[in-house]
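The structure appears below as structure tokens.
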Amino acid sequence: MTRVIIVRHGQSSYNAERRIQGRTDASKLTQKGRNDASKVGKALSNISFQAIYSSPLQRAKLTAEIIQSELANTQDSAAVQTSNKLLEIDLPLWETMLTADVEQKFADDYRIWHERPHELVMLVNNAEGTREHFPVLALYEQARQFWQEILPQHQGQTILIVGHNGINRALISTALSIPPSRYHSIQQSNCGVTVLNFAGGLDEPVQLESMNQTQHMGETLPSLRPHHHGVRLLLVRHGETEWNRQTRFQGQIDVPLNDNGRNQAQKAGEFLKDVAIDFAVSSSMQRPKETAEIILRQHPGIKLDLQDGLREISHGLWEGKLEAEIEQEFPGELHRWRTIPAQVQMPEGENLQQVWERSVVAWQSIVQTALDNQLKTGLVVAHDATNKTLLCHILGLPADNFWNFRQGNGAVSVIDYPNGLNGFPVLEAMNITAHLGGGVLDKTAAGAL
């Protein structure tokens with residue numbers, strides 16, 4: 001497995017002034033940006049990196065150098081290498097302008113940038129005359145080329161990439177096949193940390209272990225964007241059960257939390273205690289219900305709503321069995337479940353399409369109810385397969401992409417709906433497990449579903 005940790009540069013002077021940076025190199029790290037870079041370095045200091053790649057632009061390169069200076073045990077050979085394939089998105093007509101001015105002067109283009117970013121086109125003059133430049137499409141191609149060049153060189157290694165908001169989104173998106181139309185559906189905060197695990201090259205399995213963690217900077221969750229009038233959902237996976245620990249398939253067998261699971265729920269509760277939660281929903285099964293109740297001890301007065309649509313996948317005849325037992329009774333099926341999950345029908349149970357239909361209906365109704373009642377932030381506690389299915393839905397991916405996402409026991413993901421139910425949701429952060437004591441990496445037992 002190749003582990004890739006992606007970091008966005010620290011706050012820059014242009015970030016602070018709300019200017020569009022693109023490829024201009026006039027923007028410098030602010031003092032806050034430098035301090036945060038040093039905090040990321042400390043958070044990553046116990047990980048050994050075989051290589052560090054950075055954008056050549058000074059705001060990213062200095063962030064990378066500050067991080068590198070904090071790393072305890074990285075080989076000296078892992079000096080910061082710059083790559084032009086990590087340059088920020090090229091927005092030649094907007095660079096250096098205040099976002100507010102772009103919004104005014106290029107009103108139509110700015111709207112396309114927000115609603116259909118892959119269709120944004122700029123006419124650029126060069127020596128050969130005028131050509132059409134599609135900034136987002138060009139960026140995705142650049143990201144793909146970076147992966148194709150870098151992954152073969154670092155099989156089985158751990159590498160660090162320090163880039164920018166746009167290129168980092170494109171790197172994550174091309175790794176997971178998220179379409180360019182969803183460019184704004186994933187967020188990258190300054191000095192946010194994302195972890196990707198590659199089985200091999202770009203066309204082999206890849207797992208998003210976590211995305212946009214900001215806890216090392218003392219920020220519980222990524223901050224709401226200005227003018228955000230929508231709904232934020234905190235999607236949590238239930239704490240550990242004894243069967244999770246034994247890697248026994250539970251599905252719809254109603255196994256309660258074990259002591260470690262209750263402890264994880266308590267830690268999630270402490271982690272979210274200062275977040276203003278307006279409503280809470282859980283799967284109707286015991287393990288998520290108990291997880292939600294423990295979290296809500298910090299939020300007295302919030303009533304827990306139970307929804308059957310969020311229940312775990314029914315594994316049918318696999319339930320209660322260990323992997324070796326399933327392999328013996330249903331030879332080859334576990335492998336199919338791990339490689340082509342959307343094509344597997346659980347014997348006397350469900351397939352992912354059925355989970356998708358009921359969980360997405362429940363999810364959409366949760367969002368709609370919150371919007372109707374002008375509720376801002378909700379807690380939703382469910383299960384591994386349910387959460388992974390919902391993450392596919394949120395990012396416009398088919399159920400085939402199910403294994404692209406990791407969901408640790410007690411982990412928190414953050415999804416915003418800034419533009420109602422018809423606008424694209426935004427995955428602000430995914431699989432935050434810092435509160436469970438593993439640092440930046442997810443140390444929870446993956447276990448069976």
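The values are calculated or read from the model by the stated rules, or taken from the named source; none is laboratory data. Values in this document were obtained by computation on a predicted structure and should not be read as measured data. No Cβ is skipped: glycine too gets one built from the backbone with ideal geometry, and neighbour counts run over all protein chains shown.
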Practice problem: All but one of (1) part of a helix (DSSP H, G or I); (2) over 22 Å from Leu390 (Cβ atoms) hold for His184, so report the exception by its number. | Solution: (2)
Quiz item: Is at least one residue of the stretch 292-314 closer than 22 Å to Asp400 by Cβ, part of a helix (DSSP H, G or I) and modelled with pLDDT under 95?
Solution: no
Practice problem: Just need a number here: residues in the stretch 1-55 that are without any contact (Cβ under 8 Å) to a residue 40 or more places away in the chain and of a type in the set (A, V, I, L, M, F, W, C). | Solution: 2
Quiz item: So which of Ile172, Ile186, Ile150 is in contact (Cβ under 8 Å) with a residue 12 or more places away in the chain and farther than 24 Å from Cys392 by Cα?
Solution: Ile150
Quiz prompt | All positions within the stretch 411-432 that are at pLDDT 95 or above and either among the β-branched types (Val, Ile, Thr) or on the phi > 0 side of the Ramachandran plot (or both) | solution = Val412, Val414, Ile415, Val426, Asn431, Ile432
Practice problem: Determine, yes or no, whether Leu272 is over 30 Å from Leu322 (Cα atoms), in the same structural domain as Leu391 (by TED's automatic domain parsing) and buried (at least 20 other Cβ atoms within 10 Å of the Cβ). | Solution: yes
Quiz item: Name the pairs whose Cβ atoms lie under 8 Å apart, with the first residue in the stretch 353-367 and in contact (Cβ under 8 Å) with a residue 12 or more places away in the chain, the second of a type in the set (Ser, Thr, Tyr) and crowded, with 17+ Cβ neighbours inside 10 Å, and 6 or more positions between them or separate chains?
Solution: Val355/Thr386; Val355/Thr389; Trp356/Thr389; Ser359/Thr386; Ser359/Thr389; Val360/Thr389; Val367/Tyr417
Practice problem: Would you be able to say whether some residue in the stretch 161-173 is over 17 Å from Met211 (Cβ atoms) and crowded, with 17+ Cβ neighbours inside 10 Å? | Solution: no
Quiz prompt | Per-region count, the stretch 238-271, residues more than 21 Å from Trp363 (Cα to Cα) and in a loop (DSSP other than H, G, I, E, B) | solution = 9
Practice problem: Of the numbered conditions (1) surrounded by fewer than 17 Cβ atoms within 10 Å (Cβ to Cβ); (2) more than 30 Å from Glu333 (Cβ to Cβ), Thr214 fails exactly one; give the number of that condition. | Solution: (1)
Quiz prompt | Residues (surrounded by fewer than 17 Cβ atoms within 10 Å (Cβ to Cβ), part of a loop (DSSP other than H, G, I, E, B) and in contact with a helix residue (DSSP H, G or I) (Cβ under 9 Å, 6 or more places away or on another chain)) located in the stretch 352-390 | solution = Leu375, Lys376
Exercise. Would you mind stating whether Asn431 is free of Cβ contacts under 8 Å to residues at least 12 places away in the same chain and in the same structural domain as Thr291 (by TED's automatic domain parsing)?
Key: no
Quiz item: Is it the case that some residue within the stretch 12-26 is within 15 Å of Gln68 (Cβ to Cβ) and either in contact with a Leu (Cβ under 7 Å, 6 or more places away or on another chain) or crowded, with 24+ Cβ neighbours inside 10 Å (or both)?
Solution: no
Practice problem: Check Trp318 against each of (1) surrounded by fewer than 20 Cβ atoms within 10 Å (Cβ to Cβ); (2) more than 21 Å from the chain's Cα centre (by Cα); (3) not β-branched (Val, Ile, Thr) and name the one condition it does not meet. | Solution: (1)
Quiz prompt | Any hit, the stretch 155-163, residues being under 24 Å from Lys61 (Cβ atoms) and touching a His at 6+ places or on another chain (Cβ under 8 Å) | solution = yes
Exercise. Only one of these is under 26 Å from Asn422 (Cα atoms) and buried (at least 24 other Cβ atoms within 10 Å of the Cβ): Leu306, Leu235. Name it.
Key: Leu235
Exercise. Please tell me if Gly41 is out of contact with any His (no Cβ under 9 Å at 6 or more places or on another chain) and in a helix (DSSP H, G or I).
Key: yes
Quiz item: Of the residues in the stretch 259-295, how many are of a type in the set (Gly, Ala, Ser) and more than 26 Å from Gly439 (Cβ to Cβ)?
Solution: 5
Practice problem: State whether the residues of the stretch 247-262 include one that is surrounded by fewer than 19 Cβ atoms within 10 Å (Cβ to Cβ), assigned by TED's automatic domain parsing to the domain that holds Phe424 and in contact with a Leu (Cβ under 7 Å, 6 or more places away or on another chain). | Solution: yes
